[in-house]
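Student: I'd like to ask you about the structure that follows.
Every number in this text was worked out from the coordinates using simple rules, so none of it is lab data. Because the structure is a prediction, the values reported are computed rather than measured. Positions of Cβ are generated from backbone atoms using ideal geometry, with glycine treated the same way; all protein chains shown enter the neighbour counts.
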Amino acid sequence: MHTHLDIYCPNCGSLAQRHLFDEGAAICQSCPDQQVSQTECPSCDYLLVMCRKNGKVLEAYAPGITAIAEPLTCSTSSLMSARRIVDLALASVAR
């Protein structure tokens, strides 16, 4: 099954499309249940293909965004730090 959504591009803000693919479309074998999301923008050529189940990025291209040279590792302490940052941001918005 395939669902199409009109969204705003996270890179340039123009109108973009998000396609949600389910089990019927065999796009990526490493994505459980084949639940894949593809976001694309015709204005700036942004592309993000990711697994909706585990958040793994399968393919990405975003002009103007510099790639990180080293792969990021995710440890428990960095997850807790990220969660703390989100909590602080939400608290400041609530004020």
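Student: Give me the distance in nm between label points sitting 7 Å out from Cα along the Cα-to-Cβ direction at Thr3 and Arg18, one decimal.
Tutor: 1.0
Student: What net charge is computed for the residues neighbouring Ala62, neighbours being all others with C-beta under 14 Å from the C-beta of Ala62, Lys and Arg scored +1, Asp and Glu -1?
Tutor: Values: positive: none; negative: Glu40, Asp45, Glu59.
Residues near Ala62 contribute -3 overall.
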